[in-house]
Structures are given as C-alpha cells and as structure tokens.
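In what follows, a structure is listed as structure tokens, so that the remarks can point back to it.
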Amino acid sequence: MSPIHHQYAPGFGRRPARSVFSSDAPRLSLNGQWRFRLSPSVAAAGAPPAAVDLDDSDWDLLTVPGHWQLQGHGKPIYTCCTFPFPVDPPYVPDENPTGDHRLVFEVPASWPESAAVLRFDGVDSCFAAWLNGEPLGWSTGSRLPAEFDVTAHLRPGRNVLAVRVHQWSAGSYLEDQDMWWLSGIFRDVSLLARPAGGIEDFSVTADYDHRTGRGLLRVDTPVPALLSIPELNLVDVPGAGPYEVDAVQPWSAERPRLYRGTLRTDTERVEVAVGFRTVAVVDGILTVNGRRIVFRGVNRHEWHPERGRALIEDDMRADVLLLKQHNVNAVRTSHYPPHPRFLALCDELGLWVVDECDLETHGFCEVGWRGNPSDDPRWREAYLDRMARMVERDKNHPSVIIWSLANESGSGDNLRAMAEWTRRRDPSRPIHYEHDLDSRYVDVYSRMYLPVDEVDAIGRRAEPPLSDPDADAHRRGLPFILVEYAHAMGNGPGNLAEYQALFDAYPRCQGGFVWEYLDHGIRRTHEDGRGYFAYGGDFGEELHDGNFVVDGLFFPDRAPSPGAIQYKKVIEPVRVDVDAGQVRITNRYDMVDLSHLEFQWRWDEAGTPVATGVLPVPAVLSGQTVLVAAPALPHGAVEAYLTVSAVLAGDEPWAPAGHEVAWGQAQMCPPPVPPAGVPDTPAGSEPTTSFGPTTGSGPRLGAAEFDAVTGRLRRLGDLVLTGPQLDLWRAPVDNDRFLHEQWRAYGLHRLRHRLIGVDAGDGQLVVRTRVAPAGRDLGILATYRWAPDDDGLLLRLEVRPEGEWPFPVPRLGLRLAVPAALRDVEWYGRGPGEAYADSWQAARVGRYAMTVEQMQTPYVRPQENGCRADVRWATLTGPDGAGLRFEGRPVFQLTARPWSSEDLDAARHTIDLVPRDAVHVNLDLAQHGLGSGSCGPGVLAQYELRPDPVTFLVSVRPHRAGDGGGACRSDQHAAPPCTPATTVAYNESGD
Ligand code: GAL
C-alpha cells in the first residue's frame with residue numbers, strides 16, 4: 001500500500017459529505033494553541049504522533065487554524081502554475097515537509113453520550129488523524145471539509161488528538177491555483193455531538209416564480225423533520241412539503257431577502273435561512289427570477305497578509321462589505337470553495353457567487369499537458385469526491401447560483417463526469433468551466449482575458465465557429481461571461497470602460513470577474529522597523545513567479561488601490577449623465593428601483609463649491625432612464641462644474657446613509673473652448689542673439705536664469721531648479737510587460753541630451769536640443785521656447801521625432817527637480833486619485849491639496865504611479881507657503897514624488913524608496929495607457945502614446961505665500977478630459 005500522500009484516492013475513513021449548518025447539538029471548537037513539530041521529510045518525521053503518552057512537551061506551539069510557514073516553520077513558496085516539485089504524478093519528492101500536530105482537550109461532563117464527529121474544515125494538503133491513539137482516517141482536498149466518526153474513540157474528560165499533515169501529496173497535483181503554497185490546518189477544527197434521530201443533513205429548494213410572485217419551498221431531510229418559518233406562516237410543518245408561498249419576496253444580490261427559521265426533530269434543532277430564487281438560462285440568457293443579470297464581479301482568493309488563507313470572521317465580513325461598497329455584485333471563489341462563513345455572509349449581505357471546486361492542474365501545461373489527471377481514470381474518484389464535497393457543503397446557499405467545476409485543468413472525461421454528477425444532484429444551478437473551450441459540458445460560455453473585439457463578436461453571437469457543428473450550435477446558444485479579465489496587477493487595469501460598454505450593449509455578454517480582488521502580499525518588517533509586503537522570490541524559493549501574486553484591486557491590507565476606485569466607477573449601478581440643461585439618470589441595477597438613493601448635486605466654480613442641493617428623482621425602475629432638469633445657476637466667467645452624486649438615502653447593512661454609489665459630472669460654463677494658444681514664434685523671425693553651447697555666462701529672462709552649457713532653466717527668482725527637460729520614461733508598470741523590454745532595449749531610460757543652440761531676442765529664449773538614446777539613430781528634436789508670462793515664464797515645447805519609432809513611448813513631457821521643501825501640492829484638475837489615458841473615469845474635476853508623499857500610490861512592487869490628469873494649475877509650496885506655480889495651456893498631467901523615476905524603476909519593494917533631497921516633478925502632455933498586458937490584452941490603439949510631432953505649453957512662475965489658487969483664465973478651459981492635444985482622444989461618456 002502506498003503511503004497516503006502518494007495515493008490517487010482522495011481519502012479514507014471519512015463520513016459522507018453534507019451541508020454546514022448551526023445546530024443546538026453540542027459543539028466544541030478545537031481551535032487554539034496546538035503542539036507542533038515540523039520534519040523535513042516523512043522519513044525524518046518517523047512514527048505517527050499518535051500515541052496518547054507521547055511526550056510533546058518540547059514541541060513548539062502553533063495557532064490552529066493557521067499555516068506553519070507563517071508561524072516561523074518552513075517557508076512560503078509562490079509559483080503561478082509551475083509545480084514546485086517534479087511532475088511525476090501521483091508522487092511527490094522525499095523532501096516533503098511534514099507537520100505533526102497534537103492537542104489535548106477536555107470533553108466536558110455535560111457532553112452527551114451520543115455519536116460524535118470530528119470535523120476539519122480545511123487542511124493543506126493531506127492529513128491523517130488519530131484520536132486517543134486510534135486511527136480515524138485520512139483526507140486530501142485542502143479546501144474541503146472532512147469529517148470522521150469518533151464515537152468509538154472519544155472519552156469523557158481528557159482526549160488526545162494527533163494530526164499529521166504533509167505539505168505535498170498526490171492532491172497537490174490538483175491544487176495548482178496560482179497562490180502561495182502554504183500548509184497546515186488552516187480552517188476550523190470542531191467536535192460535534194450527533195444526537196440519535198438528529199438532522200444529519202438537509203437540502204433546501206426555494207424556487208421563485210417571477211410571473212406569479214409565488215415561492216415553492218421544500219426542505220428535504222434523511223429523517224422526517226419539522227420546519228418553522230413564522231414569517232411564512234409555517235410552524236412545525238413537515239419539511240418536505242412542498243409549500244406554495246404567495247407574494248414572497250425573492251432573494252437577489254441586490255435585495256438579499258432571507259426567511260430565517262428552524263428545522264427540528266425531537267433531538268436536534270438547526271437553523272435555516274431560505275432565499276427564494278430561480279436561476280435559469282432562457283433563450284441564451286442567464287436569468288435570476290426571470291431577469292437578466294450582469295456580473296460586476298471579482299475573483300476572490302482568500303487572503304490576509306499575516307494569516308494567509310486562515311481567515312477569521314472579521315476578514316470575511318470586511319471582504320463582503322468592501323466589495324458591496326465598491327459596487328461589486330458577484331464573486332467567483334477562485335479557485336476553491338471559500339470558508340463556509342463567507343457564503344453565509346454573501347447570503348446575508350447580497351453577492352452572487354460562482355462557487356468553484358478545489359481543482360486546478362495548470363502545472364501540466366508546462367509539460368504539454370502530458371499526464372493531466374483530468375483525463376486519467378485513476379483520478380476519477382478524486383475529481384468526483386471534490387465536486388461532491390463542495391456541492392453538498394454549499395447547496396443551501398441562495399447566493400451560490402453557479403457551480404464551477406475547476407480552473408485551468410485542461411479537458412477530459414473526469415470533468416465531464418463531474419458535470420454529469422452535478423447536473424443530477426442539483427439541476428437548479430448552471431454549470432461553469434472555462435477551460436472547456438468548446439463548452440460541451442457546461443451551461444455558460446466562459447473565457448478569460450479576451451480582447452475587446454473578440455468579446456464584441458461573441459456579443460453578436462458571431463464568434464468563429466467550432467469545427468463540430470453540434471458543439472458550435474450548443475456554445476453559440478449559451479450566455480457569455482468573462483470569468484477573468486482586466487488583470488489588476490500593479491498600476492491598472494486599463495480599458496475597464498470598454499468592456500463594460502459591451503456588457504451594456506449585448507444581452508449575451510453578462511459581465512465578468514476582474515482578476516483579482518486582493519494582492520497576496522505577505523507582511524514583513526525590515527530590520528529598521530519599516531513594514532512592507534513580500535512576494536514571490538522573497539523567501540529564497542528556487543522556482544517562483546515574483547510579484548505575479550500581487551495582482552489585486554485592493555492592497556494586501558485591503559486598502560483600495562486606484563484600480564478598485566476605477567472599477568467602482570465603471571460598474572456603478574446608476575448612470576448619471578450631466579448635460580447642459582438636464583441630468584439623465586439610468587438605472588443599471590438588475591432588479592431594484594432607485595428609491596433607496598438620494599441624488600445630491602454640487603456646483604463648483606474653479607474647483608470650489610458654491611451651491612448644493614438635492615434633485616427630485618422618481619423611483620426609476622431597473623433598466624429605465626429619466627431626465628431631470630439640472631439646477632439653473634448663473635453662469636459666471638470662471639469655469640463651473642455640476643456634479644450629481646447618487647448616495648444611499650438610508651443605512652444599508654453594508655454601508656451607512658450618505659455612502660456614494662454613483663456620480664456624474666460635467667462642465668457647465670463657460671462652454672469648453674479650444675485653447676487660445678500663445679504667441680507663436682513667427683516663421684522666419686528666429687531670435688537673433690546667440691548663446692552657443694560654449695558661451696560662458698547663462699542667459700536670463702526676467703527672473704529666470706538659464707544654464708549656458710545645457711540651456712536648462714537653473715533658477716527662477718530665489719528657487720534653484722533642475723530642468724525642465726524632455727522626458728519619455730516611466731518606471732514600467734506591471735501592465736507594460738513585454739513593451740517595457742522594447743523600451744529598455746531602445747534605451748528610453750537613458751536618453752542623452754545634446755544642445756544644438758540657444759537663441760535669444762525679441763524677449764524670448766529658444767533652446768534647441770536633440771534627445772536620443774545611445775546606440776540608436778532615432779531621436780527627438782526638442783525645442784524649448786521660453787517667453788515671459790507675467791512674473792513667470794511660458795514654455796512652449798516642440799517635439800519633432802526623427803527616425804523610425806517602432807513602438808509607443810511611455811510618456812511625453814517634461815521632468816524637473818525642485819527643492820525638497822516644496823512638498824505641499826495643490827491643484828485644480830482631476831483627482832483626488834491618479835488617472836491614466838484608459839483609466840481616468842473615477843477622477844473628478846476639483847481642487848485638491850496633498851503632500852507629495854500622499855500623492856504616491858504604494859504599489860507592492862514600486863512602479864509608475866500618482867499621475868494627476870487634466871491639471872489646470874498646480875502649486876508646490878514649502879512650509880512658508882511660497883514656491884512654484886505651474887499652469888497648463890490648457891492642461892497638463894502632474895506627477896510629483898520624493899524620488900526619481902529611476903529610483904522607482906530600481907526599487908523592488910516600497911522600503912527601497914528613500915526620499916531624495918529634491919521633489920521630482922513631471923509636467924506631461926500624456927502617458928501611454930495601462931491596459932492589462934501583465935496577463936491579457938495590452939493598451940487599446942486609441943490609448944497608445946505614439947511619438948508624433950506635438951507642441952506642449954505650460955507656464956511656471958513663483959508662488960508667494962497667500963497667493964491662493966485662483967480661477968482659471970478663459971483660455972485654459974479643458975476640452976475633453978485628459979486631452980493631450982494631438983495624441984490621444986478621450987471620450988468623457990466612457991462609451
Ligand atoms: C489565470 C488564472 C488565474 C491567475 C491569472 C493570472 O490564467 O486562472 O489563477 O493565474 O491567470 O494572474
């Protein structure tokens with residue numbers, strides 16, 4: 001007999017799978033401090049730690065639930081899909097860290113003499129258990145429960161429980177789920193009394209007929225049981241019913257109506273929470289309660305930066321609240337069933353759930369899928385076991401509306417068998433599996449990371465045909481979801497709005513799930529006390545996938561990243577379009593009307609609020625639009641914006657009254673005008689006085705002094721400056737993957753500047769340069785035309801590319817360094833957060849103030865961040881309130897940081913960034929978009945930054961204490977947002 005960690009079989013000695021529920025039968029939690037000893041191999045671990053009298057007093061203490069690697073034993077390993085052991089199924093190496101766990105516990109005198117069950121909610125990856133020296137059995141399937149009957153072995157008083165856990169097992173081949181490999185008893189352990197004649201399990205069926213408004217309820221149990229749901233006038237009625245319930249309120253993610261009650265026999269009473277809802281695919285559309293739904297979803301791994309996947313109730317509640325507050329309505333439990341409490345919270349607070357089985361064999365793709373278990377009958381039992389344990393455990397959750405067989409496990413007969421079993425066991429929920437590319441055994445067509453144009457074709461049911469006409473007809477008739485899209489790694493994702501437009505446009509496109517919810521960084525402390533988050537490779541792994549494990553919308557500590565804010569905006573369930581005289585309000589909820597919202601408006605002049613009020617909006621029904629008159633305010637000379645926010649009118653269980661759900665904003669006056677421009681240097685009248693590169697003294701223009709050798713601005717009034725000079729570089733963002741290799745190969749990060757000449761005259765100074773990387777003959781002629789502008793300078797930068805530029809460039813603008821004391825920033829433009837060409841919708845026009853430090857986004861792996869878009873003016877000031885003021889003509893993009901782009905580029909972790917003795921400022925015309933290129937499509941053509949000839953204008957002047965921000969002059973009004981003159985077009989509507 002092979003050892004347990006080398007067996008195809010999923011386990012031995014376990015009780016049949018069943019649902020999780022609360023009961024009045026006694027329960028003893030065995031969570032707490034256990035004795036623990038880690039051995040480097042099974043051989044080194046020796047005999048099982050079963051003996052009652054084994055002396056474990058010198059073993060360490062370990063918190064259960066928990067992972068041993070996060071408690072000082074062994075090390076975490078991160079690989080995305082490569083197995084961190086030879087692909088040699090079902091075998092794993094001799095170096096198989098083995099953790100022996102022991103707990104002495106007391107069974108109280110009050111404990112009944114009935115049957116008893118020991119329940120493990122999750123152990124990674126393979127374990128065997130002994131109670132009082134007697135073997136109970138063993139199990140694999142890390143994120144699935146395993147129960148053992150301990151009736152014969154449990155004693156009153158002192159009991160000794162021993163558990164041996166292997167880090168690797170045959171089960172590891174089925175658990176290659178792009179996450180940290182972390183081992184141990186990481187979910188709850190409990191002892192359950194099982195009264196004779198008690199409720200072993202139950203299955204709730206609660207359908208909703210949207211045509212009649214009636215519910216149909218039955219609760220099936222192995223032994224007859226009585227059901228009570230007083231609200232439904234059901235008191236001690238036979239559970240099996242069935243019962244027709246008139247005028248029942250259905251359950252949905254938007255209105256999660258639960259009817260709570262009990263189910264009882266003479267010996268046990270358990271809680272039931274019934275949600276009436278019917279899931280169906282009708283005419284190729286996924287419906288719930290007769291209505292099409294659209295997933296505004298995320299993929300959720302379980303994660304906590306200190307506890308790993310050993311989540312506590314607070315973590316799970318925080319997740320559900322955060323998601324609800326960010327307009328997310330759906331979760332795919334990638335790639336395993338979550339802790340059961342998470343699903344109960346989804347039932348209670350309202351999220352649609354795609355519950356995914358604990359199964360992924362992705363690592364076989366590294367060997368051409370040779371030996372993939374999915375098509376090997378020896379693994380059939382393990383596949384079916386995993387599916388049954390999920391379905392039985394989670395079947396009574398109304399939030400679970402789709403079963404997902406697995407992630408990225410190729411195709412094969414075992415998956416087909418899982419689908420067939422599931423369809424028989426639970427015909428009420430559609431089945432999903434993305435890797436079944438021809439969708440033979442599923443009810444939903446699902447893909448990941450498809451480009452926008454392919455989703456568009458699917459929306460029109462015009463995707464390329466499959467070779468088998470029957471399979472093609474089946475797939476073409478299915479609803480479509482993007483089970484993963486928009487890879488939220490580092491800065492990004494971009495293009496969310498384009499996908500959302502397709503979900504709005506095509507009934508077949510029923511939304512998607514952003515990859516992914518949370519960064520899986522591990523919290524660590526540097527020896528100097530500063531904290532940071534670790535990622536793959538930080539634990540000396542011999543194989544790892546670096547920071548691919550930090551790819552969430554939220555940072556590891558659950559703080560929202562700009563991507564989360566952007567997603568919230570793009571998926572908002574109410575669309576508010578502010579137009580000249582009216583506000584158009586569209587209800588994009590799937591079910592509910594808008595009576596739970598209040599529409600508050602605000603009128604800003606030059607970024608300062610001058611009037612507020614509430615718009616009278618009727619209870620618009622789902623899918624409908626109303627037009628409401630916009631408040632009429634006198635139009636002044638300064639730029640004015642009307643912002644309308646849809647906020648919660650009253651408290652909801654997931655957010656307080658006043659929480660903003662959606663908003664819209666538009667410029668009301670003066671009407672946007674094209675930039676008036678500035679005096680150009682008339683052709684043929686180049687300034688005459690020449691300060692060539694070798695001239696000794698620097699030229700001056702008003703209060704400005706320039707460097708004679710480089711032609712750069714050196715001083716403005718009292719302030720010493722470095723720059724500005726042309727900049728094309730950004731510290732690559734994760735989504736610049738592949739492209740940034742080209743950028744580096746061409747040397748965009750090491751441009752050289754050559755002064756061609758400095759010409760002065762007619763009150764202007766013209767500095768002509770050529771900027772180019774070493775080893776290449778392409779370059780840019782950059783001409784800086786300086787002219788006095790009040791007490792400052794107006795700079796007109798002309799960019800003329802030379803040679804072949806075979807790729808878009810990261811940025812186009814000016815970089816300069818100003819004194820480190822100027823760390824208080826105020827600006828009028830988009831904010832408060834960062835914005836990029838294809839990810840700007842969440843940033844609204846206003847007046848903002850922050851320190852330079854606050855403008856940084858702490859991406860776990862440092863990269864370009866913090867760009868503020870459509871800036872009309874900005875001041876950088878020191879403690880005395882004096883400093884510099886920049887003004888756009890009409891706008892520019894502002895980045896200010898206490899370190900340089902090169903520092904950012906070189907840093908691997910946030911703690912590598914140390915403030916310099918200058919503030920590094922970028923005044924940019926534009927940056928290349930973000931896209932989703934870290935895993936998926938790159939930047940859409942319209943958001944690429946091509947090095948075309950452009951002219952960019954910006955002014956700089958001294959700012960004195962007390963100057964204030966000031967209104968914009970009429971020649972500075974922004975046209976479309978983020979408009980970098982000639983290169984990129986933006987569409988404010990987000991269409
Ligand atoms: C997908 C996979 C996810 C994750 C993602 C990249 O292919 O299903 O688990 O690896 O790519 O982050």
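What nm distance separates the two modelled labels at Arg425 and Val367, each placed 7 Å from Cα along Cα→Cβ?
Label-label distance for Arg425 and Val367, simple model: 2.9 nm.
Ignoring ligands, DNA and RNA, what percent of the 1.4 Å accessible area of the chain is carbon and sulfur? Mind dumping the intermediate values first?
Details: 18280 of 35190 Å².
Summing carbon and sulfur atoms, their accessible area is 52 percent of the total for the chain.
Can you list the lysines whose alpha carbon sits under 17 Å from that of Lys324, skipping same-chain ones fewer than 8 residues off?
The qualifying lysines are Lys568, Lys569.
I want to check the label-to-label distance for Asp789 and Val223. Put each point 7 Å from Cα in the C-beta direction and report it in nm to one decimal.
8.5
Considering only C-alpha atoms, what is the centroid distance from the stretch 446-505 to the stretch 285-320, in Å?
Going from one Cα centre to the other spans 22 Å.
So for the stretch 692-983, averaging the separation of alpha carbon pairs under 8 Å that are six or more residues apart and normalising by length, what relative contact order in percent results?
Values: 736 pairs, mean separation 58.5, N = 292.
Worked out over the stretch 692-983, it gives 20 percent.
Taking 0.36 nm per intervening residue step and subtracting the Cα-Cα distance, what contour gain separates Leu627 from Ala109 on full extension? Kindly include the intermediate steps, with their values, before the conclusion.
Numbers: separation 518, 0.36 × 518 = 186.48 nm, distance 6.96 nm.
Contour length minus the Cα-Cα distance gives 179.5 nm.
On a full-extension model of 0.36 nm per residue, what is the gain between Arg524 and Ala44, subtracting their alpha-carbon distance, rounded to one decimal in nm? Numbers along the way, then the final one.
Working: separation 480, 0.36 × 480 = 172.80 nm, distance 3.01 nm.
Here the answer is 169.8 nm.
What residue among Val610, Met591, Ser561 has its Cα farthest toward the positive end of the dipole of the stretch 523-610, where the charges are +1 on Lys, Arg and -1 on Asp, Glu, each on the Cβ?
Val610
Please go through the stretch 78-186 and write out the GluC sites (Glu not before Pro) that DSSP classes as loop and that have at most 15 other C-beta atoms within 10 Å. Each step should come with its number before you reach the end.
Numbers: sites: Glu95, Glu106, Glu113, Glu147, Glu175; in loops: Glu95, Glu113.
Passing sites in the stretch 78-186 are Glu95, Glu113.
Using a 1.4 angstrom probe on the protein heavy atoms only, could you order Thr608, Thr287, Thr525 from most to least accessible area?
So the residues, ranked largest to smallest area, are Thr525, Thr608, Thr287.
For the stretch 720-848, what does the alpha-carbon gyration tensor say about shape, rounded, prolate or oblate, given a ≥ b ≥ c as the root eigenvalues, a/c under 1.5 as rounded, and a/b over b/c as prolate? Can you show the working numbers first?
Working: a/c = 1.98, a/b = 1.01, b/c = 1.96.
Oblate shape, in that a/c is at least 1.5 and b/c is the bigger or equal ratio.
Using +1 at the Cβ of each Lys and Arg and -1 at the Cβ of each Asp and Glu in the chain, identify which of Leu621, Val92, Leu716 lies farthest towards the dipole's positive end.
Leu716
Among rounded, prolate and oblate, which fits the chain when a ≥ b ≥ c are the square roots of the eigenvalues of its C-alpha gyration tensor, a/c under 1.5 means rounded, and a/b larger than b/c means prolate?
On the way: a/c = 2.27, a/b = 1.71, b/c = 1.33.
It comes out prolate by the Cα gyration axes.
Compute the signed sum of charges (Lys and Arg +1, Asp and Glu -1) over the other residues within less than 11 Å, Cβ to Cβ, of Gly931. Write out the running numbers ahead of the final one.
On the way: positive: Arg737; negative: Glu498, Asp734, Asp736, Asp838, Glu944.
Spelling it out: positives minus negatives among the neighbours equals -4.
Distance in nm between label sites at Val614 and Thr851, each 7 Å beyond Cα in the beta-carbon direction?
Roughly 3.9 nm, to one decimal.
If one computes the Cα centroid of the stretch 921-968 and of the stretch 724-782, what distance in Å separates the two points?
16
Starting from the Cα-Cα distance between His753 and Asp266, subtract it from 0.36 nm times their residue separation and give me the gain in nm to one decimal. Don't skip to the answer; put the middle values down first.
Values: separation 487, 0.36 × 487 = 175.32 nm, distance 8.76 nm.
In short, 166.6 nm is gained.
When a/c reaches 1.5 or more, the comparison of a/b and b/c decides; with that in mind, is the stretch 816-952 rounded, prolate or oblate per its Cα gyration tensor? Each step should come with its number before you reach the end.
Numbers: a/c = 1.77, a/b = 1.21, b/c = 1.45.
Because a/c hits 1.5 or more and a/b fails to exceed b/c, the stretch 816-952 counts as oblate.
Averaged per residue, what accessible area in Å² does the chain show with a 1.4 Å probe, protein chains only?
Details: 35190 Å² over 991 residues.
About 36 Å² of surface per residue is accessible.
When all protein chains stay in place, what accessible area (Å², nearest 10, 1.4 Å probe) is found for Lys395?
Approximately 20 Å² for this residue.
From the residues Met850, Val117, His909, which one has its Cα farthest along the dipole of the chain in the positive direction, the dipole being from +1 and -1 charges on Cβ of Lys/Arg and Asp/Glu about the Cα centre?
Positive-most Cα among the choices belongs to Met850.
The values are calculated or read from the model by the stated rules, or taken from the named source; none is laboratory data. Predicted, not measured: the structure shown is a model, and the values here were computed from it. Here Cβ is always computed from backbone atoms with ideal geometry, including for glycine, and neighbour counts include all displayed protein chains. What goes into the accessible areas is simple: the full protein's heavy atoms, side chains included, and nothing from ligands, DNA or RNA. Shrake-Rupley method; radii C 1.70, N 1.55, O 1.52, S 1.80 Å.
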